[in-house]
Amino acid sequence: DNYTGLYRPQIHFSPPQEFMNDPNGLHKDAKGTYHLYYQYNPTGLVAGNQHWGHATSKDLYHWENQPIAIYPPTSDSQVFSGSAVIDSNNTSGFFPNQTDGVVAIYTLNSASAEVQEIAYSHDGGYSFTRYDGNPVIDVNSTQFRDPKVIWHEKTQRWVMVVSHAQDFVIAFYTSPDLKAWTLVSNFSHQGLLGSQWECPNLVPMPVRDVASGELIEHQDMYVLAISVNPGAPLGGSATQYFPGTFNGTTFTAIDRTVRLTDFAKDNYAGQFFYGILDDEDPISIAWASNWQYAEEVPTAQEGWRSAMSVPRRNFLANTPSTGWVLVSRPHDLRPVLGQVLVEKEWRAEGGISNASILTESGAVHLNVAVSGLLGSIPATSSLEIVLSTSDSQESLSCGYSFSDNTFFLDRGNTRGFQDPTFTSNFSTSVFPREDGTWTMSAVVDRSIIEVFLNEGVASATSVFFATQPLTSISISTAGLPSGATTKVELRALESVW
Ligand code: FRU
């Protein structure tokens with residue numbers, strides 16, 4: 001496979017060629033291998049002819065491309081999004097002689113209907129056989145899709161969430177065997193509606209103290225995530241989530257607040273891995289694009305379109321400045337961290353001017369920590385970061401105002417892609433923590449940047465297309481009080497391809 005090219009991410013997953021969208025069937029098997037399936041058109045650079053592409057990894061960064069896992073049964077149908085589980089107790093009856101059987105639950109799309117089907121794998125998720133009793137759910141609808149299944153320990157049943165996309169209804173079904181499904185409740189018309197609801201996820205979510213990372217016991221919280229497209233606040237697609245409780249049949253949101261997973265435009269259809277142990281935090285991967293321009297982006301000249309986000313570790317927190325929030329940060333980056341390129345610390349005003357970020361991969365990791373933000377902060381206090389091309393004609397920038405507590409990310413000064421929907425400036429409000437510290441980190445990987453504020457209390461995923469590589473970085477602080485210290489560490493990221 002050819003993973004070279006100006007735009008080709010080096011630590012993010014992207015398909016070997018052609019068009020990719022949603023992550024599907026994410027699971028970790030008993031041998032510790034992570035499986036990533038994805039919406040894949042093997043014959044084109046736009047969506048259509050959907051299959052399940054497949055890749056596997058031991059560390060969630062080094063992926064090995066595998067043969068296509070699920071094919072549409074007929075030329076006029078498509079295998080749409082869905083999930084996968086390991087049926088270790090053989091509830092389905094498909095696996096009399098093994099404990100590592102995998103069942104995929106997906107939508108079969110055709111012009112006349114969207115129905116839910118299952119397929120089983122005897123070889124650990126590499127090849128699948130369609131169940132001959134399909135469909136397992138058919139409600140005579142053309143807008144009914146994206147089943148996500150989890151095992152509910154207390155009731156000893158499978159639970160599926162699946163979307164009536166244009167009715168803004170997430171249906172909850174339960175099953176003893178993955179074949180017979182009973183409708184047990186509906187979650188509808190809450191939060192952001194947009195034009196369609198897609199790719200629901202229900203996941204038990206630990207609650208932690210953000211600063212110490214400590215688990216807050218006996219919380220028994222869940223997150224229901226729902227992707228909205230079109231009609232997101234920034235245009236096109238976005239994912240919202242509801243913290244709440246789930247009693248085996250009904251999900252109850254904790255409040256009526258609208259919460260989004262991301263403050264930029266390229267984080268959609270995220271899915272949580274099945275098979276992550278109870279004492280680990282849930283891991284997710286999202287599609288790093290937006291339906292407004294996913295089929296237009298210039299990576300087509302390199303023969304591929306769309307990348308996934310980095311794998312994220314997630315938990316819920318409830319902080320004074322954010323209320324209930326889904327904290328999302330990169331899963332352990334150590335497998336890809338390379339040498340330190342820049343390390344610097346300064347008091348009050350200072351910075352780094354045009355430091356080289358030339359790495360073999362073209363990918364870097366940035367850490368910025370500001371401390372001593374106590375007392376009153378001058379109105380002009382700010383941090384600015386600019387990544388530039390060698391001729392300084394194009395750049396990607398971000399920054400933070402310590403006085404009005406706004407963070408921005410701007411991809412506007414790049415020339416590789418013009419489209420009215422490819423809007424450039426994203427911002428969010430985020431506050432220094434009670435101990436006077438404020439942090440950000442970023443993964444910059446050729447054509448994709450992911451930013452994490454205060455260790456993932458807020459995050460942004462954004463693709464960008466400069467016509468040349470970004471080769472230098474400038475970081476500066478201005479107007480900070482004399483007691484404030486800024487510490488910067490920039491490291492190379494090593495290509496996984
Ligand atoms: C979300 C989505 C899903 C559907 C799939 C088709 O991006 O529209 O609702 O199953 O993509 O590729």
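The values are calculated or read from the model by the stated rules, or taken from the named source; none is laboratory data. All values reported here derive from a predicted model rather than from experimental measurement. Cβ atoms come from the backbone with ideal geometry, glycine included; neighbour counts cover every protein chain shown. Surface accessibility is based on the protein's heavy atoms, side chains included, excluding ligands, DNA and RNA. Shrake-Rupley method; radii C 1.70, N 1.55, O 1.52, S 1.80 Å.
Give the residue that is farthest from the chain's Cα centre (by Cα), with candidates limited to residues of the stretch 378-412 that are over 13 Å from Ser474 (Cα atoms) and among the aliphatic types (A, V, I, L, M).
The initial filter retains those residues of the stretch 378-412 that are over 13 Å from Ser474 (Cα atoms), namely 378-382, 391, 393-394, 400-412.
The next check asks that each one be among the aliphatic types (A, V, I, L, M); those that pass are 379, 409.
Details: Ala379: 35, Leu409: 18 Å.
Here the residue is Ala379.
Can you say whether Val79 is among the β-branched types (Val, Ile, Thr), more than 28 Å from Tyr293 (Cβ to Cβ), crowded, with 17+ Cβ neighbours inside 10 Å and modelled with pLDDT of 95 or more, as far as the supplied structure shows?
Numbers: among the β-branched types (Val, Ile, Thr): yes; more than 28 Å from Tyr293 (Cβ to Cβ): no; crowded, with 17+ Cβ neighbours inside 10 Å: yes; modelled with pLDDT of 95 or more: yes.
So Val79 fails the test.
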Conditions (1) at negative phi; (2) open to solvent by less than 60 Å² (accessible area, probe 1.4 Å); number of the one not met by Ser321:
(2)
Suppose we filter Thr99, Thr142 for residues that are surrounded by fewer than 17 Cβ atoms within 10 Å (Cβ to Cβ), at pLDDT 95 or above and within 16 Å of the ligand (Cβ to nearest atom); which single one remains?
Thr142
Looking only at residues that are more than 8 Å from the chain's Cα centre (by Cα) and within 11 Å of the ligand (Cβ to nearest atom) in the stretch 277-292, which one is farthest from Ile449 (Cα to Cα)?
Trp291
Being within 14 Å of the ligand (Cβ to nearest atom) and charged (D, E, K, R) is the filter; apply it to the stretch 102-123 and report the residue that is nearest to Leu26 (Cα to Cα).
Glu117
Working only within the stretch 454-484, note down all residues that are at pLDDT 95 or above and of a type in the set (S, T, N, Q).
Asn454, Ser459, Thr461, Ser462, Thr467, Gln468, Thr471, Ser472, Ser474, Ser476, Thr477
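When the stretch 125-135 is examined, which residues are found to be more than 16 Å from the ligand (Cβ to nearest atom), in contact (Cβ under 8 Å) with a residue 12 or more places away in the chain and in contact with a strand residue (DSSP E or B) (Cβ under 7 Å, 6 or more places away or on another chain)?
Of everything in the stretch 125-135, those that are more than 16 Å from the ligand (Cβ to nearest atom), in contact (Cβ under 8 Å) with a residue 12 or more places away in the chain and in contact with a strand residue (DSSP E or B) (Cβ under 7 Å, 6 or more places away or on another chain) turn out to be Gly125, Tyr126, Ser127, Phe128, Arg130, Tyr131, Asn134.
Starting from residues that are over 23 Å from His27 (Cα atoms) and within 16 Å of the ligand (Cβ to nearest atom), keep the ones in the stretch 211-233 and report whichever is surrounded by the most Cβ atoms within 10 Å (Cβ to Cβ).
Going through the stretch 211-233, the residues over 23 Å from His27 (Cα atoms) turn out to be 211-219, 228-233.
Filter again for within 16 Å of the ligand (Cβ to nearest atom), leaving 228-232.
Working: Val228: 25, Asn229: 21, Pro230: 15, Gly231: 14, Ala232: 22.
Going through the qualifying residues, I end up with Val228.
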Among what's in the stretch 1-58 and is farther than 24 Å from Leu493 by Cα and of a type in the set (Ser, Thr, Tyr), pick the residue that is most open to solvent (accessible area, probe 1.4 Å).
Thr43
Within the stretch 59-92, residues being out of contact with any helix residue (DSSP H, G or I) (no Cβ under 9 Å at 6 or more places or on another chain) and more than 13 Å from the ligand (Cβ to nearest atom) number 21
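Just to be sure I understand, how many residues within the stretch 151-210 are among the hydroxyl-bearing types (Ser, Thr, Tyr), open to solvent by 30 Å² or more (accessible area, probe 1.4 Å) and within 15 Å of the ligand (Cβ to nearest atom)?
Total satisfying the criteria: 1.
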Is it the case that some residue within the stretch 347-364 is within 27 Å of the chain's Cα centre (by Cα), within 30 Å of Glu295 (Cβ to Cβ) and open to solvent by 40 Å² or more (accessible area, probe 1.4 Å)?
no
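Yes/no per residue for (1) within 16 Å of the ligand (Cβ to nearest atom); (2) modelled with pLDDT of 95 or more; (3) of a type in the set (D, E, K, R):
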position	(1), (2), (3)
Tyr7	no, yes, no
Phe19	yes, yes, no
Gly25	yes, yes, no
Lys28	no, yes, yes
Gly44	yes, yes, no
